[in-house]
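Would you mind keeping the following structure in view while I ask a few things?
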Amino acid sequence: MLDLYLLFKWLHIVSVISWMVGLLYLPRLFVYHADCGLESVQSETFKLMERRLYKVIMRPAMIASWLFGLALIYVRDMGWDLETWLILKLLLLCGLTGFHFYLSNLVTAFAANRVNQSPKFFRFINEIPTAVMLIVVLLAVFKPF
Ligand code: HEM
């Protein structure tokens, strides 16, 4: 008999790895894009890379992370009786999803050459998904409370 819980956990972990790749790499692309100047030839290459990273990897991976994460809650023994660690994790993930959509707005703004934030600003926001990832994985593995 196929263990649905393990199947969803496998698909969940693969999805969140793909989502995190995008959340960590896209702000880095913004650093170089803001650095090279919006009217430059490289700027057109960065626009293509940002659009593809967002549409082909980040968006489907975010949807799959939520889908298989919620499926895990549905099939696991405790079901919807959410522990404190999982409530905290879900709150952090609502924030991370908000950050995801903020990045998608920036992809649109860069495509229209309507960005005035500095490379330093993008280096700073690049640390946000790193910090959230460290806390989320700690909560998911240790389930401390
Ligand atoms: C997007 C929405 C997400 C939801 C709804 C969600 C929900 C869940 C649930 C219900 C479990 C199983 C818990 C259990 O065994 O009772 C789980 C496991 C896990 N999640 Fe998520 N999660 C999400 C996103 C993430 C993200 C973004 C990461 C990493 C950055 C992550 C990392 C993990 C890990 C590593 C496990 C396995 C923990 C273990 O079994 O030791 N999850 N998740």
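Compute the acute angle (0 to 90°) between the alpha-carbon long axis of helix 127-142 and the principal axis of greatest extent of the alpha-carbon atoms of the chain; round to the nearest 10°.
10
Suppose R0 equals 35 Å. What FRET efficiency, 1/(1 + (r/R0)^6) with r the Cβ-Cβ distance, do ASN113 and LEU92 give to the nearest 0.05?
0.60
Give me the 1.4 Å probe accessible area per residue for the chain, excluding ligands and nucleic acids, in Å². Mind showing how you got there, number by number?
Working: 8540 Å² over 145 residues.
Ligands and nucleic acids excluded, the result is 59 Å² per residue.
Hey, any idea what % of the chain's accessible area is carbon plus sulfur with a 1.4 Å probe?
71
Report the GluC sites (Glu not before Pro) located in region 1-89 that are in a DSSP loop and have at most 15 other Cβ atoms inside 10 Å of their Cβ, or state none.
Passing both the DSSP loop test and the Cβ count: GLU39, GLU83.
Would you work out which of GLY37, VAL75, PHE124 lies farthest towards the positive end of the dipole of region 4-142? Charges go on Cβ: Lys and Arg +1, Asp and Glu -1.
Selected residue: GLY37.
Using the alpha-carbon atoms, what tilt in degrees (0 to 90, nearest 10) does helix 84-111 show relative to the longest principal axis of the chain?
20
Another one. Quick one: Debye curve from the C-alpha atoms of region 38-79, no solvent, what's log10 I(q)/I(0) at q = 0.24 Å⁻¹?
Evaluating at q = 0.24 Å⁻¹ gives log10 I(q)/I(0) of -0.77.
So what's the projected area for region 4-142, the Cα convex hull averaged over all directions, in nm²?
Hull-based average projected area comes out at 8.2 nm².
Here's a follow-up. Using each residue's phi in region 11-27, evaluate 6.51 cos²θ - 1.76 cosθ + 1.60 at θ = phi - 60° and report the 3J(HN,Hα) Karplus result to the nearest Hz, with x for Gly and Pro.
3J(HN,Hα) across region 11-27, in whole Hz: 5, 5, 5, 4, 5, 5, 4, 5, 5, 5, 4, x, 5, 8, 8, 4, x.
Among THR97, THR45, THR108, whose mean-square fluctuation peaks in a Gaussian network model of the chain (Cα, cutoff 10 Å)?
THR45
So what J values fall out for region 34-46 if you push phi through Karplus, 6.51 cos²θ - 1.76 cosθ + 1.60 with θ = phi - 60°, rounded to Hz, Gly and Pro as x?
5, 6, 7, x, 6, 8, 7, 5, 4, 4, 5, 5, 4
The values are calculated or read from the model by the stated rules, or taken from the named source; none is laboratory data. Source: prediction; values computed, not measured. Reconstructed Cβ throughout: ideal geometry from the backbone, glycine too, with neighbour counts over all protein chains shown. These area figures cover heavy atoms from the full protein model, side chains too; ligands, DNA and RNA do not enter into them. Shrake-Rupley method; radii C 1.70, N 1.55, O 1.52, S 1.80 Å.
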